[in-house]
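The numbers here are math on the coordinates, done by the rules we state, and not lab data. Since the model is a prediction, treat every value here as computed from it, not as a measurement. So basically every Cβ, Gly included, is an ideal-geometry build from the backbone, and we count neighbours across all protein chains shown.
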Amino acid sequence: MIEIRFARAEDYPAMLALNNGAVPAVNPHDEASFAELVAMADRAWVADDGTAIGALLVAFGPGAPYQSRNYQWLSERYDQFAYVDRIVVAETHRRRGLAGRLYDSLAAHARATDRPTLLCEVNVEPPNPASIAFHEASGWSAVEDLEHEPGKVVRFFSRRLGPTAGPPSREGT
């Protein structure tokens, strides 16, 4: 059984290794910058199978002091959102639905905090076709591409959240 839970400080070394193993799909970090990133984040979750961290998600809401160019670009265009700064699934844990479960956790949090839109970016250059295909198949819509520098282009994606299904109505009974 794999548990989706909040990241703890003792998870940081495994999370950092997972993050840096996914470069260039995500930016690399050292111990200090990764701890700062997670501390600044609105949410940081891991998928824990009891022996290893199989996946991670780090997300930000509006108004964070995060200086990422991607986060700043999105903050200028959206008011209420949950921004996925990074989601990484270990090669050993792929095809188990972990990315979907992490996104479901974020969607529930976003709905609960009146943030109707999930946002993320995926590398177009260097290419990350598996992530682009995953997001397109999961109901995300491409927003725009942004070139950072020659050889580095990201594609922003958004996903509007519908209302949650509440308890059955008692009207008419």
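If you take every residue apart from E147 with its C-beta less than 15 Å away from the C-beta of E147, what net charge results, scoring Lys and Arg +1 and Asp and Glu -1? Once positives and negatives cancel, what remains is -2. Give the distance, in whole Å, between the Cα centre of segment 11-46 and the Cα centre of segment 69-99. Here the answer is 12 Å between Cα centres. Normalised by 2.2 N^0.38 Å, where N is the number of residues, the C-alpha radius of gyration of segment 53-173 stands at 1.17. Note on N20 and A35: their simple-model spin labels are 1.4 nm apart, each label 7 Å out from Cα toward Cβ. Between G100, G50, G61, where does the largest GNM mean-square fluctuation fall for the chain, given springs only between Cα atoms within less than 10 Å? Residue with maximal mean-square fluctuation among G100, G50, G61: G50.
Computed about its Cα centre, the charge dipole of segment 25-173 is approximately 560 debye, with only Lys, Arg, Asp and Glu carrying charge at their Cβ. Summing +1 for each Lys or Arg and -1 for each Asp or Glu among the other residues whose beta-carbon sits under 15 angstrom from that of A39 gives -4.
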